[in-house]
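The values are calculated or read from the model by the stated rules, or taken from the named source; none is laboratory data. Just so it is clear, the model here is predicted, and its values are computed rather than measured. Note that we place each Cβ from the backbone using ideal geometry, even for glycine, and neighbour counts take in every protein chain shown. The protein model used for the area step is the full one, side chains on, heavy atoms only, and it has no ligands, DNA or RNA in it. Shrake-Rupley method; radii C 1.70, N 1.55, O 1.52, S 1.80 Å.
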Amino acid sequence: MTDTPVAPPVAEKRPHTIEYHGIRVDDPYAWLRDPGYPEVTDKDVLAHLEAENAWFEARMAPHKDKVESLFREMRARIKEADKSVPQKDGQYLYWIEYEEGAEYKKWWRRPVGAVDDGSADELILDEVALAEGKEYFRLGALSVSQDGKLLAYAVDDNGSERFTARIKNLVTGEILPDEIPGTLSSLVWVAGDTGLIYSLANENWRTDNARLHWLGKPTADDIELYHEDDEGFRVGSSLSANEKWIIISAGDHETSEVRLLPAADPLAEPLLVRPREKGVEYDVDERDGTLYIHANDTHENFRLATAPLDQPGEWTTLIEGSDDFYLTGFDLFKDFYVVEGRLRGLDHLEVRSYDDPARIEPIVFPEASYSAGLDDNPEWDVDVLRLSYASMVRPNTVYDYHLADKRFETLKVQEIPSGYDAALYATERLEIPARDGTVIPVSVMYRKDRAPGGPLHLYGYGAYGISIDPGFSTTRLSLVDRGFAYAIAHIRGGDDLGRAWYKAGKLDKRTNTFNDFVDVAKGLIDRGYTRAGEISISGGSAGGELMGAVINSDPGLWGAVAAHVPFVDVLNTMLDASLPLTPGEWPEWGNPIEDKAAFELIRSYSPYDNVRAQAYPPMLVTAGLNDPRVTYWEPAKWVAKLREMKTDSNELLLKTNMGAGHGGKSGRFESLRETAEEFAFILWQIGADE
């Protein structure tokens, strides 16, 4: 469109009705779903999305200088020529490196013991070259063969998350003729490096298989090692820590099942660890004939058990489940193992002995609120652990933790070229009661010279048992340095305080998530951190659903809203079993096709279904045309209905990335520009746009 629009686009209403359980639901914007999806070619649909994009550009045009200023500011906090700390894996040290101005990274290695003068450095993969001329680029799986001679990697160049896997000969630099399109998985080498285990995405974007590709053979000859018949389950493969076993895992959001294959004989009969049991999740590794199993069968916060390899279903508890300690995972090494979890909501790591179960060595971190965990530890026989650490005021730090003397060796602290003084900032961990009395943790960061009661940005997610850690962000500083406090609400639906915290925000308890977020905002107002109408909020995907719910329930609290690829058409999506994610999502949201109660509950909170005639806050909504997770029509329909129903004149903008997917634009700087647009919108609407 060449003409500058003078009014927002108004979507046509076309009659469309669905009926389930005797209940009729009208959906006049259903036509915005192209019937040919995932190909989007419908001229009316494309014209409407382009009109919305034109309206976005027109309304943001006066703020282009602010966007550019924020973008430059954010970019100046990134060390452009940067590299990771090299890590030993076999006969090589591996690292990644960004060159000055590069959107994408390069993958390097050099032989162990070689002089660090660049003469022995070997470029094994060049993302910059692979992304040349592409609007979108994303590297997926990457795996070096055990002999170090071959590299398997997978690329998505349109955001659809359907990757093409290729193999590079690292000795000659040649790309082998083997090419596997349509993958959505890791790439796992079998012993001897003669083949790869991978998973294909089926026509509904579900990985229901584990397949074996022998190098040099046509992909038509690839062998399906495992097929999953439950359409809600996904299949993935990995390698055991000692590299002796291929681990094939199948599961949904609440149930899992694991099989083992010898890495040296992938065509052997798979060893089923334990048959699936609804509600039981487990994962497995192996050492010296003993299986180690992380499972929630006896306690919702998981236990760690062992079993003999020849009796894999006979589990004996090694670490009991606990109400206080949420055991999130474990890592096996030759002479010790590491347990990871959360204690009172904070990351906690313990080094444990195989021979002496009573010997527990916690790794102690310095701050009261932080994010910490194991970093890249690829080798089996080690006496040093690579760790990562950050807090809301402390930049990301990489340590080597020397087990013998419990010593931290600082290897790298995130450098902020434009300058950063941690002494200017404070962070707190608050506890704010929700309306049902449940105490919600809140992490807050602000400048010490900030006037109390000013603007505040509140972020939330609250779904799938995903915790939001109080880590460091350079982009966040662009709001905080302008007087905003920045808060993270650790609401139910995530697993920040354990598995019970997750369960208290899913299925029939889903509305707790929305209420928690609103009550945290009100609590922050009551404590003098901000005022109603001066709170900006943001969330993406399921966090975008959160945005949609709280603007329906409490529109007057919010001064600006950013909803990224928002999952707002919950009822229609959960009623459509043909969509990529839907069957696997029923354990999270409920199955409204078969369950009338689930239908009625989802309908009662689904943001799209609950838009009504009232004033709404200013909103910026984003979408991705190629997004297979939250399809583009969800935000498009939602915005169309909001335009129809809302009684205010506040801004409502929809920006659809026509060449990207769920994660927005690719590249480390282009993605910053989208954050700069979001922050410029927030500053404009909150009135902090100097």
Which value, in Å² rounded to 10, gives the accessible area of Glu132 with a 1.4 Å probe and all protein chains present? 130
FRET efficiency for Ala368 and Asp3, using Cβ-Cβ distance with R0 set to 45 Å, rounded to 0.05: 0.20
In whole Hz, the Karplus estimates of ³J(HN,Hα) for the stretch 335-352 (6.51, -1.76, 1.60; θ = phi - 60°; x where Gly or Pro) are 10, 6, 9, 10, 9, 10, x, 10, 10, 6, x, 10, 4, 9, 10, 10, 9, 10
Compute from the Cα atoms of the stretch 433-515 the Rg and the Dmax, the latter being the longest Cα-Cα distance, and quote both in angstrom. 14.1, 43
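Tally the DSSP beta bridges in the chain and give the antiparallel ones as a percent, rounded to 5.
Values: 123 of 148 bridges.
So the antiparallel bridges amount to about 85 percent of the total.
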Which ³J(HN,Hα) values, rounded to whole Hz and listed in residue order, are derived for the stretch 158-173 from phi using the Karplus coefficients 6.51, -1.76 and 1.60 in 6.51 cos²θ - 1.76 cosθ + 1.60 with θ = phi - 60°, glycine and proline given as x? 9, x, 7, 6, 10, 9, 9, 8, 9, 10, 10, 7, 6, 7, 9, x
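Taking 20 °C and 1.002 mPa s as the conditions, I'd like the Stokes-Einstein D for the stretch 140-188 in µm²/s, using the Kirkwood hydrodynamic radius from alpha carbon pairs.
195
Wrap a convex hull around the Cα atoms of the stretch 183-236, take a quarter of its surface area, and give that in square nanometres. List each step's numbers first, then the result.
Working: hull surface 14.9 nm².
The orientation-averaged projected area of the Cα hull of the stretch 183-236 comes to 3.7 nm².
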Leaving ligands and nucleic acids out of the surface, order Asp3, Asp222 by accessible area at 1.4 Å, largest first. Asp3, Asp222
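I'd like to know how the stretch 475-634 sits against the 2.2 N^0.38 Å rule of thumb: what's its Cα Rg over that expected value?
Numbers: Rg = 16.1 Å, N = 160, 2.2 N^0.38 = 15.1 Å.
The stretch 475-634 yields a ratio of 1.06.
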Rounded D (µm²/s) - the stretch 18-94, Kirkwood Rh over Cα pairs, Stokes-Einstein at 10 °C, 1.306 mPa s: 86
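Stick to the Cα atoms of the stretch 333-400, pair each with every other, and give me the Kirkwood hydrodynamic radius in Å at one decimal.
Evaluated over the stretch 333-400, this radius sits at 13.0 Å.
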Sorted by chain and then number, the residues having a modelled amide H within less than 5 Å of the amide H of Gly540, at least 5 places away or on another chain, are His564
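Give me the Å³ per residue figure for the convex hull around the C-alpha atoms of the stretch 138-251.
Details: hull volume 12.1 nm³, N = 114.
Convex hull of Cα atoms, per residue: 106 Å³.
Let me check I have the definition right: for the stretch 15-143, take the eigenvalues of the Cα gyration tensor, multiply each by 5, take square roots. What are those semi-axes in whole Å, largest first? Display every interim value, and only then the final one.
Details: eigenvalues 441, 113, 38 Å².
In descending order the semi-axes read 47, 24, 14 Å.
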Search the structure for amide H atoms under 5 Å from the amide H of Asp89, placed 1.01 Å from N in the peptide plane, and list their residues when 5 or more places away or on another chain. Tyr94
Under a point spin-label approximation (7 Å from Cα along Cα-to-Cβ), what is the Glu361-Asp526 distance to one decimal in nm? 4.6
May I ask you to rank Thr194, Thr647, Thr582 by accessible area, largest first, using a 1.4 Å probe over the protein chains only? Thr647, Thr194, Thr582
If packing is taken as the mean number of other Cβ atoms within 10 Å per residue, what is the order of 115-122, 390-397, 537-544, highest first? 537-544, 390-397, 115-122
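I want to verify the translational diffusion coefficient of the stretch 90-187 in µm²/s; compute it with Stokes-Einstein, Rh as the Kirkwood radius over Cα pairs, at 10 °C and 1.306 mPa s.
Working: Rh = 14.4 Å.
Here the translational diffusion coefficient equals 110 µm²/s.
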Taking a ≥ b ≥ c as the square roots of the Cα gyration tensor eigenvalues, with a/c under 1.5 meaning rounded and otherwise prolate when a/b beats b/c or oblate if not, the stretch 380-528 comes out oblate
If packing is taken as the mean number of other Cβ atoms within 10 Å per residue, what is the order of 134-147, 405-418, 180-193, 92-105, highest first? 180-193, 134-147, 92-105, 405-418
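With each run of n ≥ 4 DSSP H residues scored as -39500 (n - 2.57), what mean residue ellipticity at 222 nm is computed for the chain after dividing by its residue count and rounding to the nearest 500 deg cm²/dmol? Before the final figure, lay out the partial values.
Details: 12 runs with 126 residues, N = 690.
Calculated at 222 nm, the ellipticity per residue is -5500 deg cm²/dmol.
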dims of the stretch 267-325, Cα set, principal axes, largest to smallest, nearest Å -> 42, 27, 15
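Cα gyration tensor of the stretch 368-455, axes a ≥ b ≥ c as square roots of the eigenvalues: rounded (a/c below 1.5), prolate (a/b > b/c) or oblate? Could you put the intermediate results ahead of the total?
Numbers: a/c = 3.39, a/b = 1.61, b/c = 2.10.
Oblate, because a/c is 1.5 or more while a/b does not exceed b/c.
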Please list the equivalent ellipsoid semi-axes of the stretch 557-690, computed as the square roots of five times the alpha-carbon gyration tensor eigenvalues, in descending order and whole angstrom. 28, 20, 11
Regarding the stretch 560-627, what whole-number volume in Å³ per residue does the convex hull of its Cα atoms give? 101
What do you reckon, how do Thr306, Thr513 stack up by accessible area (1.4 Å probe), largest on top? Thr306, Thr513
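Using Cα-Cα distances under 8 Å and only pairs 6 or more residues apart, what relative contact order does the stretch 99-152 have, in percent?
Working: 47 pairs, mean separation 15.0, N = 54.
Once normalised by length, the contact order is 28 percent.
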Accessible area of Tyr446, 1.4 Å probe, to the nearest 10 Å²? 50
Debye log10 I(q)/I(0) for the stretch 526-587, one point scatterer per Cα, at q = 0.24 Å⁻¹: -0.96
Diffing the stretch 199-208: the Karplus 3J(HN,Hα) column from phi (6.51, -1.76, 1.60, θ = phi - 60°), in whole Hz with x for Gly and Pro, holds 10, 8, 7, 7, 5, 9, 6, 10, 8, 10
The long-range amide H neighbours of Leu411, using H built 1.01 Å from N in the peptide plane and a cut-off of under 5 Å, are Val398, Tyr399, Asp400
Quick one: accessible area per residue over the chain, 1.4 Å probe, rounded to a whole number of Å²? 40
Can you tell me what percent of all Cα-Cα pairs in the stretch 311-458 are more than 20 Å apart? 60
Using alpha carbons only, how many angstrom separate the centre of the stretch 396-457 from the centre of the stretch 306-369? 26
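Could you tell me the convex hull volume per residue, in Å³, taken over the Cα atoms of the stretch 598-643?
Working: hull volume 4.0 nm³, N = 46.
Given the Cα convex hull of the stretch 598-643, per-residue volume reads 87 Å³.
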Pop out the carbon and sulfur fraction of the accessible area of the chain as a percent, whole number, probe 1.4 Å. 48
